[in-house]
Amino acid sequence: MPEDRARPKPGTSREATLNHALAGAGAADGRSLEELREAALAFYEAAEPPVWRRSGFWTTSLRDLDLASLEPRHADPQAGIPAVVAEAIGERPRGGLLVQRGATVVHCQLDEGLAAAGVVLCPLEQAAREHPELFARYYLRSLTYDRDKLEAANAALWSGGAFLYVPDGVRVEHPFQLAYTIDAGQSAQYAHTLAIGGAGAEFRLQEYDVAGPIEGQALHAGAFELYLEDGARCRLAHYSDWGPGEVFDVSKAVVSVGRDAYCHWLPALLGGHLTRQHLELAVREPGGDMAFRGLFFTEGTEHLDLFGVDLHETGPSGGDVHWRGAATGHSRASFEGLIQIAPGAQQTHTYLQIHSMMLSPEAKIDAIPSVLVAADDVSASHGGTVGELDETAIFYMQSRGLTRPQAVRVIIEGFFEPLIGELEDEALEELVRERIAGKLQAAEDDIRAYAASR
Amino acid sequence: MADLEIRNLHVRTEEREILRGVDLSVSRGEIHALMGPNGSGKSTLANTLLGHPAYEITEGSIFFAGQDITEAEPHERARAGLFLAFQYPVAIPGVSVANFLRMAINAQSEEPIAMKEFRQRLERAVELLDVERTFTSRHLNEGFSGGEKKRAEILQLAVLRPTLAVLDETDSGLDIDALRTVAEGVDRLHAEHGLGVLIITHYQRILHYVTPHFVHVMLDGRIVLEGGVELVERLEREGYDQIRQEVGAGA
Ligand SMILES: Nc1ncnc2c1ncn2[C@@H]1O[C@H](COP(=O)(O)OP(=O)(O)OP(=O)(O)O)[C@@H](O)[C@H]1O
Ligand SMILES: [Mg+2]
């Protein structure tokens, strides 16, 4: 494949740029936070709301979002942890916890032993002041502000934010938990997480993006960056459920894997009116390895548009992308998975698989794998399945005493289980299972009607 | 009334009548064999008994434990005590044999089964069927060999303890030793718990271990001949063509 297809070409259509890997082209170039905010604001004010198109039949637009009517809402910093967050994060041992409500961090706590070992967990605003060197070295190293209006909005307007630093060689047993929640309509949340794993650090990180019912529209424009230095290892999970309200989630997340480092990343996207996420896992140094997992389940009239990138900038490196999604109701979900291997990233081996399960005649899932390879000594391939409920299996289980809904639940859990089990975190696994069960219960009539129609 | 009573059952699927007036009664403690050539409707009868949605009952009725279950949902039939060991068991990905069985027991009873009691039941079934202990932590029927699938069916039978079981060609695909183990297992469930059994088979061999009290022969969707175990030998000797001619001549 010609080399130029592996890099974003200046002057190609907006859509192509919007669906392209960021490829490490971060905005950071020695400018101060203020200068970056200013530049981002200028871009934001000039830019039109983005439209994502692919292959001619799939469009995600923010046409229905009244951006002008939304404002960041500051919460009382002493207000404590909202119930919807408490339910998601559970009661459990943890390394630390940071909670942001609207535009304000309302809770931040770090295990004392970890603090003594040099671990930092604080609002990103505070990190910019108190850890200027770390902040300057990593902030926006892999994220941009000039690809689209919402990305610019985040870079210009973020407040609160989360900063996690795990120093060289520090190993942490219990997960760090971050949570962003929205509890008011007509609000915009510009969330920004910056996390760094020093050389040889080992830790778990979980980000929860959650909301209960909300009146009116709300926007979560999120940015997430994680940098893993030489030999660092991280198990990263995102859990997102924006509830039944009209929440738009337009986010970008980039994980940067250093020399001999490893990341296992699993986003679980389990609710939101309209979600468009760009998720990029990039191996930047030789010996880096990663497992990029993900699951989604859309219902009702939800619209989910995911662009997942498995990027290899150098070799030897390893990748393994495995996503699973289900859809009920009239929902629409699209997962575009891109394997991109840069010139010179020799001896890279990666595989992408996408499995989808349709649970209603009106639901639609598009799984679009693509491969851009600019090196010759590599293996990159993809596969996947599109499934419907297996009526033979349902009857088999019914004949053993399970009701039809119970049997359907077993099948769907079995479908997702290979990924859920990989979370290796009982509390989070249970949360995901319960959420999936809840969605199935809500879709019971729908699923029954589908069976009858076939 | 017998525990299971099938009266004048007519069943069709995809615009074709497959069962054309079947009468059959099976009670607890009885062992019945149902034989018949390929395509005569044996599996159709078995699946219809459990309420498979592909088969439409156009006439007749099914009673089980005194209840008319002709229209009942499959899970209601299972809860009433009916069990089918499938001719072609399907894989249930992501669910272990043990977890599936616990779900099934809990689905069939008011109170969830105590972990200890469940383990004991499972343990006994594992011994009865002579399978590795790790067998029950494998995903149900996923990657199972033909013989393993059949064993897994009878293992489920042993754990779930229905009052009446239909075994649809459980013997096919089993090697000689496995066949003996499985058949003796069924025989023990019959002897110890009074399990009623309807064995669908093409072969004599299984009937050496589980001796039927009654033998029924199905041809073209009807039971055309009934008798004792001596009927099996006659079938071996004469084949179905001979019988077809006789009953055809008699009709
Ligand atoms: N779901 C179905 N759809 C269409 N035709 C069916 C279906 N099930 C059964 N049949 C047809 O009904 C007839 C009886 O099939 P059935 O499986 O009951 O036979 P069987 O006696 O069990 O045969 P075997 O000994 O080969 O297992 C066959 O002609 C078969 O093709
Ligand atoms: Mg059959």
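The values are calculated or read from the model by the stated rules, or taken from the named source; none is laboratory data. Predicted, not measured: the structure shown is a model, and the values here were computed from it. Because the Cβ atoms are built from the backbone with ideal geometry, glycine has one as well, and the counts that use them run over all protein chains shown. Note: areas computed on protein heavy atoms with side chains; ligands, DNA, RNA excluded. Shrake-Rupley method; radii C 1.70, N 1.55, O 1.52, S 1.80 Å.
Among the residues of the range A:184-236, those identified as farther than 28 Å from A:Ala83 by Cβ, open to solvent by 20 Å² or more (accessible area, probe 1.4 Å) and in a strand (DSSP E or B) are A:Glu202, A:Arg233.
Hey, among the residues in the range B:96-152 that are hydrophobic (A, V, I, L, M, F, W, C) and over 23 Å from the mean Cα position of the chain (by Cα), which one's nearest to B:Val182 (Cα to Cα)? Step by step, filter the range B:96-152, then rank; the result is B:Phe118. Each residue in the range A:51-76 was checked for being of a type in the set (A, V, I, L, M, F, W, C) and out of contact with any Lys or Arg (no Cβ under 9 Å at 6 or more places or on another chain), and 4 pass.
Let's see how each residue does on (1) touching a strand residue (DSSP E or B) at 6+ places or on another chain (Cβ under 7 Å); (2) within 16 Å of A:Met358 (Cβ to Cβ); (3) more than 8 Å from chain B (Cβ to nearest Cβ):
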position	(1), (2), (3)
A:Glu391	no, yes, no
A:Met397	no, no, no
A:Gly401	no, no, no
A:Arg404	no, no, no
A:Ile411	no, yes, no
A:Phe415	yes, yes, no
A:Leu423	yes, no, yes
A:Leu428	yes, no, yes
A:Ile436	yes, yes, yes
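Checking each residue of the range A:370-384 against the condition of being more than 30 Å from A:Pro286 (Cβ to Cβ), in contact (Cβ under 8 Å) with a residue 40 or more places away in the chain, open to solvent by less than 40 Å² (accessible area, probe 1.4 Å) and within 24 Å of the chain's Cα centre (by Cα) gives no match.
In the condition set (1) at the interface with another protein chain (Cβ under 10 Å from one of its Cβ atoms); (2) farther than 25 Å from B:Gly94 by Cα, A:Gln346 is compliant with all but (1).
When the strands (runs of 3 or more DSSP E) confined to the range B:133-251 are screened for residues that are open to solvent by less than 10 Å² (accessible area, probe 1.4 Å), in contact (Cβ under 8 Å) with a residue 60 or more places away in the chain and more than 16 Å from ligand 1 (Cβ to nearest atom), those reaching at least 2 such residues are found at B:164-168, B:196-200.
Within the range A:329-366, being buried (at least 19 other Cβ atoms within 10 Å of the Cβ) and among the charged types (D, E, K, R) holds for A:Arg332, A:Glu336. When B:Ala91, B:Ala104 are screened for being open to solvent by less than 20 Å² (accessible area, probe 1.4 Å), away from ligand 1 (no atom under 16 Å from the Cβ) and outside any strand (DSSP E or B), only B:Ala104 passes. Yes or no: the range A:287-303 includes at least one residue that is surrounded by fewer than 24 Cβ atoms within 10 Å (Cβ to Cβ) and of a type in the set (S, T, N, Q). Within the range A:287-303 (the criterion being surrounded by fewer than 24 Cβ atoms within 10 Å (Cβ to Cβ) and of a type in the set (S, T, N, Q)), the answer is yes, since at least one residue qualifies.
Just to be sure before I move on: is A:Ala162 in contact with a Leu (Cβ under 6 Å, 6 or more places away or on another chain) and open to solvent by less than 10 Å² (accessible area, probe 1.4 Å) in the structure I sent? Taking the combined requirement at face value, the residue satisfies it. When the range B:83-104 is filtered for residues that are within 7 Å of chain A (Cβ to nearest Cβ), out of contact with any Lys or Arg (no Cβ under 6 Å at 6 or more places or on another chain) and small (Gly, Ala, Ser), only B:Gly94 remains.
Taking the condition within 16 Å of ligand 1 (Cβ to nearest atom) and within 23 Å of A:Leu402 (Cα to Cα), does B:Leu24 pass? When the stated conditions are applied, B:Leu24 does not pass them.
Scanning the range B:8-50 for residues that are within 16 Å of ligand 2 (Cβ to nearest atom), within 14 Å of chain A (Cβ to nearest Cβ) and open to solvent by 10 Å² or more (accessible area, probe 1.4 Å) gives B:Thr13, B:Ser43, B:Thr44, B:Asn47. Listed by first and then second residue, the pairs linking a residue in the range B:17-45 that is in a strand (DSSP E or B) to a residue that is polar (S, T, N, Q) and within 16 Å of ligand 2 (Cβ to nearest atom), with Cβ atoms under 8 Å apart and 6 or more places separating them unless they lie on different chains, are B:Ile18/B:Thr44; B:Leu19/B:Thr44; B:Leu19/B:Thr48; B:Ala33/B:Thr201; B:Leu34/B:Thr201; B:Met35/B:Thr201.
For the range B:107-124, the candidate set comprises residues that are touching a residue at least 24 places away in the same chain (Cβ under 8 Å) and within 14 Å of chain A (Cβ to nearest Cβ); within that set, the residue that is least open to solvent (accessible area, probe 1.4 Å) is B:Ala107.
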